[in-house]
Amino acid sequence: MAAAGLKRAAVIDRKVFAFFIAVMSLTGAHAMAAEGLTTIKSNYAPKETMDRLEADVKSKGLTVFARIDHAAGAAQLGLPLRPTDLLIFGNAKGGTPLMQANQEIGIDLPLKILVWQDQEGTTWLSYDEPSWLATRHGLGHYSEASVNTLGNVVSALAAAAASSQ
């Protein structure tokens, strides 16, 4: 009798897990996302997504410090890697106030957005939330306005690169 109860509980657990995975898939949320990391789905291929992102960053007057093609680096070693590109960008006006509050946040600046392709061929953009970075580095409420501005900028840039609107 106890074995039947355990078997029934396992079936229910599998159904709950399957439902959770289905909800995650339908909402576009990425399973097992790292704390402070936002990941959104792109309507474009990786190269087009990154090209759109870079163009928008430049159009906003921000500096592109680097565009790193991780897949190309892997290919030079004969290693396979799906498209994985990192854009590093920003400006002193946005980052300096945060580093004045705590220079250690400089390890996480300038801002970065990763464009990558999963095993199903879906393109994603991932970035660290500036509010999470502020918490990580113990920035006080006096940095809140700068952090909110950076959060709005990175979120808008990622959304514009990913969206067809």
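The values are calculated or read from the model by the stated rules, or taken from the named source; none is laboratory data. None of these values were measured; they are calculated from a predicted model. Ideal geometry is used to build each Cβ from the backbone, glycine not excepted, and the neighbour counts take in all protein chains shown.
Of the strands (runs of 3 or more DSSP E) lying entirely inside the stretch 58-162, those containing at least 3 residues that are surrounded by 16 or more Cβ atoms within 10 Å (Cβ to Cβ) and in contact with a His (Cβ under 9 Å, 6 or more places away or on another chain) are 84-90. Taking Ala55 as the residue in question, decide whether it is hydrophobic (A, V, I, L, M, F, W, C), in the same structural domain as Glu129 (by TED's automatic domain parsing), surrounded by fewer than 19 Cβ atoms within 10 Å (Cβ to Cβ) and not in a helix (DSSP H, G or I). No; evaluated as a whole, the condition is false for this residue.
Scanning the stretch 94-149 for residues that are over 17 Å from the mean Cα position of the chain (by Cα) and aromatic (Phe, Trp, Tyr) gives a single hit, Tyr142. Scanning the stretch 111-165 for residues that are closer than 16 Å to Thr39 by Cα and aromatic (Phe, Trp, Tyr) turns up Trp116, Trp124, Tyr127, Trp132.
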